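Here's the structure, in structure tokens; my notes come after.
The values are calculated or read from the model by the stated rules, or taken from the named source; none is laboratory data. Everything numeric here is computed off the predicted structure, so don't read it as measured data. Cβ coordinates were reconstructed from backbone atoms using ideal geometry, including for glycine residues, and neighbour counts include every protein chain displayed.
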């Protein structure tokens, strides 16, 4: 069974103020941490981003943009574009703004995955983009975009999603599943002196 990894790095980062993929923790850009977390379990990985950001990524990493007919329609379009760019049976999907993600979390999530979509919930908050998708989800993703449905969780519910408690995946869930949505979150982490 072939597994591929998709890193979503196409958001506008309006709250962050600059593309989050290139923000750094201890001198390493966020997107590299994300790739490192999924790489042990994926035969291939790629990053889905906006056209203007493509030149900023280093050579040697597979970079794709949204397919033209669905460009700019959010994470649902990014996931589908990633799936259409690389053939696999399962796809690990991660956002680019979780630099503390651990490989062990991805391994456990893949073990728990049975069919459809598997995603993470922590303390009642759902993290739909920390997820594993079957290739068969492509049809529902495309249909959702064609009908104007852009909410990831709505598509997941339609496909059939299994929510996994983040506390069962890592000993430090609050840190691992924290989205760096604003520079303030990063600054707080730096002042805490917390290691990865």
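Overview of values
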| read-out | value |
| --- | --- |
| Filtered residues of region 134-161 (kept if outside any helix (DSSP H, G or I) and in contact with a helix residue (DSSP H, G or I) (Cβ under 7 Å, 6 or more places away or on another chain)) | 149, 150 |
| Pick from region 129-145, criterion within 13 Å of residue 74 (Cα to Cα) and out of contact with any strand residue (DSSP E or B) (no Cβ under 9 Å at 6 or more places or on another chain), ranking: surrounded by the most Cβ atoms within 10 Å (Cβ to Cβ) | 144 |
| All strands (runs of 3 or more DSSP E) inside region 34-117 with 2 or more residues being in contact with a strand residue (DSSP E or B) (Cβ under 8 Å, 6 or more places away or on another chain) and crowded, with 23+ Cβ neighbours inside 10 Å | 44-49, 90-95 |
| Unique match (being farther than 21 Å from residue 151 by Cα and at pLDDT 95 or above) among 111, 138 | 111 |
| Contacts under 6 angstrom Cβ, first residue in region 65-86 being more than 16 Å from residue 143 (Cα to Cα), partner modelled with pLDDT under 95, 6 or more apart | 65/51 |
| Inter-residue pairs, beta-carbon under 6 Å, first at positive phi and in region 154-167, second surrounded by 15 or more Cβ atoms within 10 Å (Cβ to Cβ), 6+ apart | 160/116 |
| Single unsatisfied condition, residue 147 versus (1) over 18 Å from the mean Cα position of the chain (by Cα); (2) more than 25 Å from residue 71 (Cβ to Cβ); (3) modelled with pLDDT under 95 | (2) |
